[in-house]
Amino acid sequence: MTVVLLAFVAAFVPALLWLVFIYRRDRYEPEPKTLIVRLFLWGLAAGPWASGMNILIAHLFAPSIDSAQREGALFLAAILLFALVALSALNEEVMKYVVVSSRVRGDPAFNEPVDGMIYMSTAAIGFSAGENVVYILNTYFGLIADSTRPGVPLALINAFLVTAPLRALLSTIGHITWSGITGWFLSRHYLEKGSGRMLVGGILLAASFHTAYNLPLFLQELGLAVGWITWLVWIAGIERYLKLLGRALLASPFRRAALRAKGAAAEHVEVRRAYRSLRARQLPVTVLLVVLGIAAAVAAALAGLPQEVPYTSAFLFVLAAIAFSRFNWRCPICGAHLNGLNPKSCTHCHVKFT
């Protein structure tokens, strides 16, 4: 019972921190907190529905994949595995979209382009929190049941010091970015009366990122060393999400109204304040993530974990530092990535920082 409780804490505390972080991205007209809580809970509730469908998909494809592997038909096994992963990813993205769309259409709070991204990201955090609980518990009880390995200490280390932080960082960010992409298209469809085909295309784009993230991990089971592609897809998803978030914030009618009311001088003050904030956190957070990566690698080595764990831990935190830099070091106006360590202006929109 204690382990189950710890699993919920390890999954939900980071989820709530991510929820606060995403909520604060809506700078100009924050959404009602009650709506955000409801969407988080609906995202959490969508997890079991999606899992049930994924189990059905796995039952349909797994026997054929195993048969192809036994017969040495690796290409056929890879094609079938792709179908399984793609359908599972599409199932999850559609499920998150359905629970959000059915609750925000017609809501008066849905009134600016960034809202769709905030709504979908919120549901994604809830979805991921429930999923992470399952992965943490599976890791723990799986190692407890493995008689060839040491018992409780190794199980606790793997579940709570490896699986939990990696899921909180990698998988949760992945769900946020994929669903956020869908949210951008949802806003365009709802607020700008965009076509249904465009919305379907947005969902398929999110599912494609999700598939590209998961597939290399599964292909490793067929003996293909392509797991590194997952992390490149992860960073690419963050990049796309941030570009769309910047566009949505720039198009907010509330931002334009505020700037017209306060005048051009207010805009410049806002830009300088935002630039100073991102500059103040750039180096400390980057260094912290690198130090945490080194510490995690050392801890994993001292704990006697397999040698790939320390290397993977350090690599993932370095990737996190790169991803943070891609997120943080951006123009506060247009969202374009800034050039150099001390830029005087944005090369994209030419706004001044001095």
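The values are calculated or read from the model by the stated rules, or taken from the named source; none is laboratory data. Being a predicted model, the structure only gives us computed values, none of them experimental. Please note: Cβ atoms are built from the backbone with ideal geometry, for glycine as well, and neighbour counts cover all protein chains shown. Quick note on the areas: whole protein, heavy atoms, side chains included, nothing else; ligands and nucleic acids left out. Shrake-Rupley method; radii C 1.70, N 1.55, O 1.52, S 1.80 Å.
Scanning the stretch 190-210 for residues that are under 17 Å from Pro253 (Cα atoms) and surrounded by 18 or more Cβ atoms within 10 Å (Cβ to Cβ) yields a single hit, Tyr190.
Rundown of residues vs (1) open to solvent by 40 Å² or more (accessible area, probe 1.4 Å); (2) hydrophobic (A, V, I, L, M, F, W, C); (3) within 24 Å of Val98 (Cα to Cα), yes/no style:
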residue: Val9; (1), (2), (3): yes, yes, no
residue: Pro14; (1), (2), (3): no, no, no
residue: Val20; (1), (2), (3): yes, yes, yes
residue: Arg27; (1), (2), (3): yes, no, no
residue: Pro32; (1), (2), (3): yes, no, yes
residue: Ile36; (1), (2), (3): no, yes, yes
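No other residue among Leu341, Leu319, Leu289 is of a type in the set (A, V, I, L, M), at pLDDT below 80 and surrounded by 14 or more Cβ atoms within 10 Å (Cβ to Cβ) apart from Leu319.
With respect to (1) open to solvent by 10 Å² or more (accessible area, probe 1.4 Å); (2) over 30 Å from Ala109 (Cβ atoms), the lone exception for Tyr241 is condition (2).
Note down all Cβ pairs under 7 Å where the first residue falls in the stretch 212-235 and is within 17 Å of Val309 (Cβ to Cβ), the second is open to solvent by 80 Å² or more (accessible area, probe 1.4 Å), and they're at least six residues apart or on different chains. Matching pairs, first to second residue: Gly227/Gln220.
Summed over the stretch 186-215, residues that are in a helix (DSSP H, G or I) and over 17 Å from the mean Cα position of the chain (by Cα) total 12.
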